[in-house]
Structure formats: C-alpha cells, structure tokens
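The values are calculated or read from the model by the stated rules, or taken from the named source; none is laboratory data. Quick caveat, the model's predicted, so the values are computed rather than measured. Using ideal geometry, Cβ is built from the backbone for each residue, glycine included, and neighbour counts are taken over all protein chains shown.
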Amino acid sequence: MPVRPVITVVGSYAVGLVMRIDRAPAAGETVIGSAFAEGPGGKGSNQAIQAARLGADVALVVAIGRDAYGDAARALWAAEALRLDHVLVRDGVPTGAGFVLVEPDGQNRIVLDPGANAGLVPTEVESARDRIGASGAVVAQLEIPVETAIAAMREARSHGVPAILNPAPARPIEAEALASVDVLTPNETELRILAGRGPDAAGADLDDCRRLLRDGVRCVVLTRGEAGARIVRDDGVLDVPSPAVDVVDTTGAGDAFSATLAVAVAAGEPIEAAVRRAVVAGALACTRMGVVPALATGDEIEALLAVRAGRG
C-alpha cells in the first residue's frame, strides 16, 4: 500500500483487566484464575492503534475520564503516533473498563462498563467533520451510543468517504441507519442480532447478510473465526479463508480485522484484496496474549500474505 492512508476512528477506550481461567464459573461459583494483567483496550482505541501500526495517519474521536486510566490512554496513543485533537476528557465519570476471562482454547468472555464512552454524542462527531472529510475511511463500533456511531457513518457518507461499521457489541439498528453504512463487519453472532434473530439462532447467515443489503448496507463482510470471512454484495458472494495459526487468545482478532480492512479500503484496494489482508491480520492477532501486544505490523502481515501466495 504505497499511499499513506488517512483514517478516522470514532469509538471507545477501556482499560482491560484480563485473567486466564480453566473454565467459566457457574452462577454463584468462584473459580481460581491466573496470569492477571491490566492493559489498554476498547475497540476504538484498538482499531486506531492497529491502523497506525500499518502506517496510516490516524485520528481518534473518543471520550475518557480525567483519571489514571485516562492518563495512561493518552500516553499510549502518543507513543503510537495517533492524532489526539478529538480526544475528549470528562470530569466526574470514569474511563471505561472491561473484564476479560480467557479460557484454555483461547476463547474469551468480556464484561464492559462503558464509563465515559457512554457520553460521546453525535455533535462531538460533527465537530470532527473537517478531519472526517479529509479521510480515506471512517470506522466506528458500538461500545459508544448507536446514534453516535451512525452519526460518524452519515458524516463520512456526506463527504463521499467510505463508512465502515464494526457492529460490536451487537445491538439492534434501524434499517434507515444501516443505509448509511458502506461496509458492515459483523461476526456470526452479531449478524443474527442485527437481522432481528436470537444470538444462537440456527443457520441462515447468508439470508441475514442479504437482508442487511436490502436495508441499504453496501457490503457485508462476515467474520467467521478460523473459517475466515465472507464478502456478501448484491453482485455475489466470496469466501476468504483464514491461514491456520496456533491460537493463544482471540480477544483482539476482530479489531485487527476491521482496522486492517479500513486501512486497505482507504488505500484504494478492492474489497476482495482488503479482506484477504484483514483475515491475515485477524489470524496473527490470535497468536499472542492480549490485544495491543498482539496487533501486527505491516511487515508481519505482508510476510504471511507472501507465504500464502507461495512467495515465501
């Protein structure tokens, strides 16, 4: 990607409190964990950092508390060379926090207190319109209010900038709002919720994708874990397989995927090539513990892409 992409991320920050467990506790039960660690998280922050590590010029629109966790976030973003003009520091509310339980197979269970993220409002997105208009892609997630994420999509669309929504954690969204989304990147559970079905409902994922297209989404990129991703558009369906890797922790895979996709789209890559790159980034994120330490560099992604293409 020779052109330096310009990305605006509208989203969240939360400190992650992580512990490994042998199994999830039942109701009322206490289990012994291990390897406790504290580190930066939040989908907006994670995706901004991943985009920056791929060489993008990245601005983050985010709200944090005026506390130690918020101070640590600003120091991290400065170290990762993010633009901080639109970081909002709140008095009287805490920085977001997430509790992450990681099971032996690498699967995770997360509980999030949004904290300051819950107060990020659409007018604060609109105040970043000049930056959004200068971007090659805008990406948002749903750890902030839905109306704020959709405001980011609409602002991007008004400037002709690709609007990418990572609908995590999943929440129902009106069809009128979805019509502002160019690329939607749900996982299988999130897809079913968006389509108005239960999170564990059986089958019909392709039908659900097509329903979202009828609602106005331009392209659905369904992430499917170790199976890779599926691109669904009005003109057809394409499955993109994931490389086989040794899974250690899946926590950051979705963020790595969505951010890498956004960078590739902003650089002008066709959606098929962008998804192939994003699938590799998501796979690499599964090979290390944590989220920020697991986010790959551009060289790492290129190396694995070369191996998959038979050039390595």
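General observations
- For R157: the one exception among (1) farther than 18 Å from L88 by Cβ; (2) part of a loop (DSSP other than H, G, I, E, B): (2)
- Test set (1) small (G, A, S); (2) outside any strand (DSSP E or B); (3) out of contact with any Gly (no Cβ under 7 Å at 6 or more places or on another chain) - A59 fails condition number: (2)
- A Cβ distance below 6 Å, combined with a sequence gap of six or more or placement on separate chains, defines the contacts here; from region 15-32, residues that are within 30 Å of R66 (Cα to Cα) reach residues that are of a type in the set (S, T, Y) and surrounded by 10 or more Cβ atoms within 10 Å (Cβ to Cβ) in the pairs V15/Y69.
- Odd one out for E147, checked against (1) acidic (D, E); (2) part of a helix (DSSP H, G or I); (3) closer than 28 Å to E269 by Cα: (3)
- Restricted to region 179-250, the set of strands (runs of 3 or more DSSP E) holding at least 2 residues that are closer than 27 Å to G290 by Cα and within 16 Å of the chain's Cα centre (by Cα) comprises 219-223.
- Candidates A274, A266, A281, A259, filtered to the one that is under 22 Å from L191 (Cβ atoms) and touching a strand residue (DSSP E or B) at 6+ places or on another chain (Cβ under 8 Å): A259
Yes/no matrix, rows are residues, columns are (1) surrounded by fewer than 24 Cβ atoms within 10 Å (Cβ to Cβ); (2) aliphatic (A, V, I, L, M); (3) modelled with pLDDT of 95 or more; (4) under 24 Å from L304 (Cβ atoms):
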| residue | (1), (2), (3), (4) |
| --- | --- |
| L165 | no, yes, yes, no |
| V221 | no, yes, yes, yes |
| T260 | no, no, yes, yes |
| A266 | no, yes, yes, yes |
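- Some residue of region 255-263 being within 16 Å of the chain's Cα centre (by Cα) and of a type in the set (D, E, K, R): yes
- Enumeration of residues in region 123-158 that are surrounded by fewer than 16 Cβ atoms within 10 Å (Cβ to Cβ) and not hydrophobic (A, V, I, L, M, F, W, C): T123, E126, S127, R129, D130, G133, E147, S158
- Of residues in region 268-295 being under 15 Å from V183 (Cβ atoms) and of a type in the set (A, V, I, L, M, F, W, C), the one surrounded by the fewest Cβ atoms within 10 Å (Cβ to Cβ): A273
- Filter result for L101 (under 17 Å from the mean Cα position of the chain (by Cα) and surrounded by 18 or more Cβ atoms within 10 Å (Cβ to Cβ)): no
- Qualifying residue in region 108-115 (condition: at pLDDT 95 or above and closer than 28 Å to L194 by Cα): yes
- The set of residues from region 192-203 being at pLDDT below 85 and either crowded, with 19+ Cβ neighbours inside 10 Å or not charged (D, E, K, R) (or both) comprises G198, P199, A201, A202, G203.
- Failed criterion for R171 (all others in (1) outside any loop (DSSP other than H, G, I, E, B); (2) surrounded by fewer than 16 Cβ atoms within 10 Å (Cβ to Cβ); (3) among the basic types (K, R) hold): (1)
- Members of region 190-208 that are without any contact (Cβ under 8 Å) to a residue 12 or more places away in the chain and touching a helix residue (DSSP H, G or I) at 6+ places or on another chain (Cβ under 6 Å): A201
- Restricting region 16-29 to residues that are part of a strand (DSSP E or B) and either out of contact with any Pro (no Cβ under 9 Å at 6 or more places or on another chain) or at pLDDT 95 or above (or both), the residue that is nearest to V121 (Cα to Cα) is L17.
Here is a yes/no grid of residues against (1) farther than 22 Å from A285 by Cα; (2) at pLDDT below 95:
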position	(1), (2)
I49	no, no
A52	no, no
V62	yes, no
R74	yes, no
H86	yes, no
G92	yes, no
G98	no, yes
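- Top-ranked residue of region 174-191 - restricted to ones that are of a type in the set (S, T, Y) and crowded, with 17+ Cβ neighbours inside 10 Å, ranked as nearest to T251 (Cα to Cα): T185
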